[in-house]
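Notes follow the structure.
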Amino acid sequence: MFKIINPKKTIRFMSFAKLATSLAMALVIASFVIVGVKGLNFGLDFTGGVTIEVEYPNDIELKDVRSKIESLKIDSPVVQHFGSSKIAMIRIKPVEGMDQKVLSTKIFDSVKTLQDGAVLNRVEYVGPSVGSDLVESGIISVFVSLLCILAYVAFRFEWRMATGAVVALVHDTIITLAVFSLLDLEFDLTVLAAVLTIIGYSLNDTIVVFDRIREKARLLRDKSMPEIINVSITETLSRTVITSGTTMFTVLALLFLGGPMIFGFSFALAVGIIVGTFSSIYVASSLAYFLGMTRDNLLPPPPPVRGDDEEFVETLDE
């Protein structure tokens, strides 16, 4: 048996649906403008560049390595330990007017002076053609994911719900990208992986709410659609809060303790969890309702009447 919450204890989410949906759409439009005007700060995975691994005889301070590189008038070097505090991995974006081999030699000649006996372990060059391929592949992967989600939800539930779910995912994705653009944070493959993770995470939460709405539409036949949505979201709210809360604790631990290597990934997830939880509650369900979804749309079709059933019905009528 399904537990039906007392109407007096039901949170009236749909009372704020128009305001919340308008705010969400305004944020989406603003996010598209920010990303379109300011663009994203693509990392080496997309722009190309140089990766240099230098091993020192003793532990090396990253701030000293970074200072040496910045003294060469090279902006935004990424310097990290790689497997050991004696190894520094340096990533540099392409410098206009300078060959990559010349750039890597210049950087190594500068940082090796920090300790005698410094060794160049490896140098890798990522060309801009590879970067452009990755950008195209990333965009295609997100687009195909949204199309598959639209088809699945439309088949599993109802086309209005499918539209609401996809718009909610676009809402989560573009706002996350806009935050990265606004803060000028580096966007690399780990962040792209986080964006795809956000899509899956948000969709899972939305499907849970949609499934409960469909169940309540069959049970609460005397309730209006807004009331059914209110009851459904209220009943799944504890699950949403617990899931989002525990996930956020883990993500915050990665964000503050994981180091710069996974900062972009964990920060994108933190933003995505917040906007994804909001969109699951308001954007997806509210938009489906505003598109004209009614309780009748969610009821299963009546079973076909066989010939012997028709004769039985006629006998009863007589």
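Please work out the C-alpha center-to-center distance from region 26-76 to region 141-163 and express it in whole Å.
Cα centroid to Cα centroid, the span is 36 Å.
Show which lysines lie in cross-link reach of LYS112 when reach means a straight Cα distance below 28 angstrom and same-chain residues fewer than eight apart are skipped.
The qualifying lysines are LYS63, LYS68, LYS73, LYS86, LYS93, LYS101.
If you roll a 1.4 Å probe over the heavy atoms of the protein chains, what accessible area per residue do you get for region 168-285, in Å²?
Details: 4510 Å² over 118 residues.
Result: 38 Å² of accessible area for each residue.
Can you give me the Cα centroid spacing of region 174-190 and region 218-253 in angstrom?
Comparing the Cα centres of region 174-190 and region 218-253, I get a distance of 28 Å.
If the chain between THR250 and THR197 were fully stretched, how many nm would it gain, using 0.36 nm times the residue separation less the Cα-Cα distance?
My answer for the length gained is 17.6 nm.
Report the FRET efficiency, 1/(1 + (r/R0)^6), for LYS112 and PHE155, where r is their Cβ-Cβ distance and R0 is 45 Å, rounded to 0.05. Working shown, then result.
On the way: r = 61 Å, r/R0 = 1.35.
Using R0 = 45 Å, I get an efficiency of 0.15.
Please state the relative contact order of the chain as a whole percent: Cα pairs under 8 Å, 6+ residues apart? Could you put the intermediate results ahead of the total?
On the way: 410 pairs, mean separation 77.6, N = 318.
Taking the mean separation of contacting Cα pairs over the length of the chain, I get 24 percent.
222 nm [θ] for the chain, helices only, -39500 (n - 2.57) per DSSP H run of 4+, per residue, to 500?
Numbers: 12 runs with 203 residues, N = 318.
The per-residue figure over the chain is -21500 deg cm²/dmol.
With unit charges on the beta carbons (Lys and Arg positive, Asp and Glu negative) and the dipole taken about the Cα centre of the chain, which residue among SER67, LEU287, ILE90 sits farthest to the positive side?
Value computed over the given set: SER67.
Which stretch or stretches of region 255-297 have amide N atoms under 20 Å from the point lying 7 Å from ARG218's Cα along the Cα→Cβ direction?
Those under the cut-off are 293-297.
Once you place label points 7 Å from the Cα toward the Cβ at ARG66 and ILE262, how far apart are they in nm?
So the two model labels end up 2.0 nm from each other.
If you count, for each residue, the other Cβ atoms within 10 Å and average over each peptide, how do 271-279, 205-213, 193-201 line up from highest to lowest? Mind showing how you got there, number by number?
Working: 271-279: 22.9, 205-213: 21.3, 193-201: 18.9.
Ranked by mean Cβ neighbours within 10 Å, highest first: 271-279, 205-213, 193-201.
In nm, to one decimal, how far is the VAL119 label point from the ILE29 one, both placed 7 Å along Cα→Cβ?
The answer from the label model is 6.1 nm.
The values are calculated or read from the model by the stated rules, or taken from the named source; none is laboratory data. What you are looking at is a predicted structure, and each value in this text was computed from that prediction instead of being measured. Don't worry about glycine lacking a Cβ; one is built from the backbone with ideal geometry, like all the others, and counts go over all protein chains shown. Ligands, DNA and RNA are stripped out before the accessible areas are found, and what is left, the full protein with its side chains, is counted by its heavy atoms. Shrake-Rupley method; radii C 1.70, N 1.55, O 1.52, S 1.80 Å.
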